[in-house]
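Chemist: Here you go, one structure.
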Amino acid sequence: MITVFGSINMDLIATTARLPKPGETVEGNGFSTAAGGKGANQALAATRAGAGVRMAGAVGSDSFAKDALALMRAAGTDLSAVKTADLPTGTAHILVGGDGENMIVVVAGANGTMTDADARATVAALSPTDTLVLQLEIPTGAVETALTEARARKIRSIINIAPLTEHAAALGRMAAIVVANETEFERLAGRDRLSSEERELAMRTLVEETGQTVIVTLGADGVIALHEGAFYRAKGLVIEPVDTVGAGDTFCGYLAAGLDAGLAFEEALSRAAIAGSLACLKPGAQPAIPLASEVDAAL
């Protein structure tokens, strides 16, 4: 069983031929809304991968709340630990350029009401064989408490250190498994502009200090991981991306589901990389998350 402790948002998505420069206004060519939030995205990805998943988070008492939960509810995600706060549901304001790259501004809203008490209650409901998945779109204190409680109870924790907050490096070292992109890993390692060789050395140094598994996603170049003393690499698909929003969350959800199902680490990593690639082929975060059958076909 997987429990995701994290954010739930509505994504407000505008598309444009190219992303604006600072201070510039550009013409948009489309607008849509979609359920999102890094926590909810990862919960839906793990559910679509076939895992039993419980989402712990918060929505507002507004019109966005129902839509923000709709795809998770339809997929069968357990929403019993989602509370309603007297604030707007969290929103992500997303610009997507013609090349598939994006810019995002996140407004926490109800996500900001997650507390230490919520964290303790969430972890208390887990069994020793469960997996706890976290990100950084809810208050730092709640994430830290959840990680501390999980470690004390020897529950496997996976943290995706995004968005890259000032506390990301410290929190990233507290989990059993940390997932970061190249930029995020440099913050974790305390070094900038790492070459491939320097990255591998920094990963080994971090693992020697923390004993954790370190996974670095590399975009079109796939993913590299250091797990139990060995390096693993996995490639995604060769694609022309439509929208990269949610690809990292899809990777995390599928990784958690694979490990929770007892797959060998290398197999779980490969499935997650393929799933992340497939998520780039459709617009939006949650609508683009592939089903397990689609990942099987791609493999």
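The values are calculated or read from the model by the stated rules, or taken from the named source; none is laboratory data. Note that the structure is predicted; figures quoted are calculated from it, not measured. Methodologically, a virtual Cβ is constructed for each residue, glycine included, from the backbone with ideal geometry; neighbour enumeration extends over all protein chains shown.
Chemist: Restricting the first residue to region 1-12 and requiring it to be under 14 Å from S80 (Cβ atoms), which pairs with a second residue that is surrounded by fewer than 24 Cβ atoms within 10 Å (Cβ to Cβ) and of a type in the set (D, E) meet a Cβ separation below 7 Å and a spacing of at least six or different chains?
Modeler: Sorted first by the residue in region 1-12, then by its partner, the pairs are M1/D130; T3/D130.
Chemist: Quick test for you: out of L206, L259, pick the one residue that is at negative phi and either in a loop (DSSP other than H, G, I, E, B) or under 16 Å from the mean Cα position of the chain (by Cα) (or both).
Modeler: Just one listed residue meets the conditions, L259.
Chemist: Kindly indicate whether A288 is free of Cβ contacts under 8 Å to residues at least 60 places away in the same chain, crowded, with 21+ Cβ neighbours inside 10 Å, under 16 Å from A49 (Cβ atoms) and not basic (K, R).
Modeler: yes
Chemist: Here's another thing I want to ask about it. Can you find a residue that is charged (D, E, K, R), more than 17 Å from I159 (Cβ to Cβ) and in contact (Cβ under 8 Å) with a residue 40 or more places away in the chain anywhere in region 198-205?
Modeler: No - not one qualifying residue is present in region 198-205.
Chemist: Determine whether region 138-152 contains at least one residue that is farther than 14 Å from V123 by Cα, in contact with a helix residue (DSSP H, G or I) (Cβ under 6 Å, 6 or more places away or on another chain), outside any helix (DSSP H, G or I) and at pLDDT below 95.
Modeler: No - not one qualifying residue is present in region 138-152.
Chemist: Of all the residues that make up region 158-179, how many are buried (at least 22 other Cβ atoms within 10 Å of the Cβ), among the small types (G, A, S) and closer than 17 Å to D130 by Cα?
Modeler: Of the residues in that region, 1 qualify.
Chemist: Still on this structure, please answer the following. Select the strands (runs of 3 or more DSSP E) contained entirely in region 1-93, then report the ones holding at least 1 residues which are charged (D, E, K, R), modelled with pLDDT under 95 and within 28 Å of I161 (Cβ to Cβ).
Modeler: Output list reads 9-16.
Chemist: A follow-up question, please. Can you tell me which residue within region 51-75, out of those that are farther than 12 Å from A110 by Cβ, in contact with a helix residue (DSSP H, G or I) (Cβ under 6 Å, 6 or more places away or on another chain) and among the small types (G, A, S), is surrounded by the most Cβ atoms within 10 Å (Cβ to Cβ)?
Modeler: Going through the qualifying residues, I end up with A56.
Chemist: If you take the residues of region 154-173 that are touching a Ser or Thr at 6+ places or on another chain (Cβ under 6 Å) and not in a strand (DSSP E or B), which of them is nearest to A92 (Cα to Cα)?
Modeler: Restricting to residues being touching a Ser or Thr at 6+ places or on another chain (Cβ under 6 Å) and not in a strand (DSSP E or B), the top hit is H167.
Chemist: Within region 5-16, identify whether any single residue is of a type in the set (G, A, S) and over 18 Å from A110 (Cβ atoms), and answer yes or no.
Modeler: Looking through region 5-16, at least one residue is of a type in the set (G, A, S) and over 18 Å from A110 (Cβ atoms).
Chemist: Out of region 93-103, which residues are of a type outside the set (S, T, N, Q) and surrounded by 16 or more Cβ atoms within 10 Å (Cβ to Cβ)?
Modeler: Within region 93-103, I94, L95, V96, G97, G100 meet the criteria.
Chemist: Got a number for residues in region 242-285 being surrounded by 17 or more Cβ atoms within 10 Å (Cβ to Cβ), of a type in the set (D, E) and within 19 Å of I159 (Cα to Cα)?
Modeler: Of the residues in region 242-285, 2 are surrounded by 17 or more Cβ atoms within 10 Å (Cβ to Cβ), of a type in the set (D, E) and within 19 Å of I159 (Cα to Cα).
Chemist: If we keep just the residues of region 211-247 that are in contact with a Lys or Arg (Cβ under 8 Å, 6 or more places away or on another chain) and of a type in the set (G, A, S), which is farthest from I177 (Cα to Cα)?
Modeler: The residue in question is G222.
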